[in-house]
Ligand code: ADP
Ligand code: MG
């Protein structure tokens, strides 16, 4: 019996390994000869041969056995023919000088650098990991998986890594693309029966970055291909960086083996921003805006107000600042608190955390160990009056209620009492650490 048995065996393997794996791995193989118990194959690339030997070797032997042929060795040679007819992949030496120029990645945003990335508690781990990866050397976090909500800087960090790697080594082959683009390329390759150069291209990179991987969860053949690409690169010690909107374990429709493989490296969470980080980001972006709009003045307190009130995501925060500057330069007025409140009202409404006065009163009474009746009573002893002022202050800062409304909710007090309370706490906050601390703790509890 000779090599003509191969089509029948292929057919059987197709049922066993599934359509996607069959197309990618089995179909490109040719059985060139059989010599005793050794089957000799030709594979388009060494990678495919190795992969098949490792993953489908036993299945192939079993299928031979079913046909009454005892095979205990599989050899894979690389088919020279296939290589010669494939002009899409440049030889290695040529590659070395072209860097990433021939790679079909997405463009990198020149603003998304480490220099422009503001570091705070919520993102310090992600930032440190990104830095480490960008510095190269021993690949210790492979893959690096960054996850977190929308607009928290995942893409920014990925681009920053790419820029830094390219800066250190202009010849490094860095491929950054969204999972959606990855899928698009893969589908194109399938359509044009060009999966081999697709595979080779991806496997020729030094660093692969795939953004928003959640996009391919549930898309089985893309997932499969992604998994193979990913494994191949990691096996070759190439750096892989992936982002997603949640941790691998929490991704539905992502195969378990992919989830577990994604966790082999380092999984870091980009946490939601806190007030300090938002303020830091605003300050850094404001410098840029101020440079572009030198005639527009900004009143003190506007950035703080924005950092307090817009907590959803950094993209929205940036957009809000850009809008204020655009507005300021158009109408030729300084950016004041009132102007900000007015021109950002839609954003403020949308991101209103809906902290209620009741909630504030409850948290404040708990925090200071006073009781609710006293808080809302007319009593003016310091031990009651101070917490009451703190609560009023927080009601003013964290809700959109008017002064008279706040006054009414605090035992029918006048709005001037509320103004006084806000001023008083504002003053105390800058001289009394205890008060500043209390407010911070309460604000966090209420916002969190
Ligand atoms: P994600 O990919 O997590 O959805 P992006 O990386 O696209 O978020 O960030 C959204 C916007 O916010 C970008 O313009 C980015 O530059 C900015 N941004 C996010 N985090 C920071 C940060 N820590 N410092 C500076 N800019 C940031
Ligand atoms: Mg992103």
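Every number here is computed from the coordinates shown, using simple stated rules; none is lab data. Every value quoted in this text rests on a predicted model; they were computed, and no experiment measured them. No Cβ is skipped: glycine too gets one built from the backbone with ideal geometry, and neighbour counts run over all protein chains shown.
Need one word for the chain: rounded, prolate or oblate. Basis is the Cα gyration tensor (sqrt eigenvalues a ≥ b ≥ c); a/c below 1.5 gives rounded, then a/b vs b/c decides. Spell out each step's value before the answer.
Values: a/c = 3.70, a/b = 2.50, b/c = 1.48.
Since a/c reaches 1.5 and a/b is larger than b/c, the shape of the chain is classed as prolate.
Counting each DSSP H run of 4 or more residues in the chain as -39500 (n - 2.57), what helix-only mean residue ellipticity at 222 nm follows after dividing by all residues, to the nearest 500 deg cm²/dmol?
Values: 21 runs with 247 residues, N = 448.
Here the helix-only value at 222 nm equals -17000 deg cm²/dmol.
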(request) Arrange 415, 147 by Cβ neighbour counts within 10 Å, fewest through most, would you? (result) 415, 147
(request) Please label the shape of the stretch 121-226 as rounded, prolate or oblate, based on the square roots a ≥ b ≥ c of the eigenvalues of the alpha-carbon gyration tensor (a/c under 1.5 means rounded; beyond that, a/b larger than b/c means prolate, else oblate). (result) oblate
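Percent antiparallel among DSSP beta bridges with both residues in the chain, to the nearest 5? Can you show the working numbers first?
Numbers: 5 of 30 bridges.
Of all bridge pairs located within the chain, approximately 15 percent are antiparallel.
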(message) For the chain, take the longest principal axis of its alpha carbons; what is the angle in degrees between that and the long axis of helix 314-331, to the nearest 10 within 0 to 90?
(response) 60
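Just rank 366, 274, fewest to most, by other beta-carbon atoms within 10 angstrom. It would help to have the intermediate numbers written out before the result.
Details: 366 12, 274 20.
Ranked by crowding around the Cβ, least crowded first: 366, 274.
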(request) Would you mind classifying the stretch 221-347 by shape? Square roots of the alpha carbon gyration tensor eigenvalues, ordered a ≥ b ≥ c; an a/c under 1.5 is rounded, otherwise it is prolate if a/b is larger than b/c and oblate if not. (result) prolate
(request) Within 10 Å of each residue's Cβ, count the other Cβ atoms and sort 33, 42 from fewest upward. (result) 33, 42
(request) For helix 415-431, report the angle its Cα long axis makes with the longest principal axis of the Cα atoms of the chain; keep it between 0 and 90° and round to the nearest 10°. (result) 60
(request) Give the Debye-formula value of log10 I(q)/I(0) at each listed q (0.16 Å⁻¹), with one equal scatterer per alpha carbon of the stretch 207-261, two decimals each. (result) -0.43
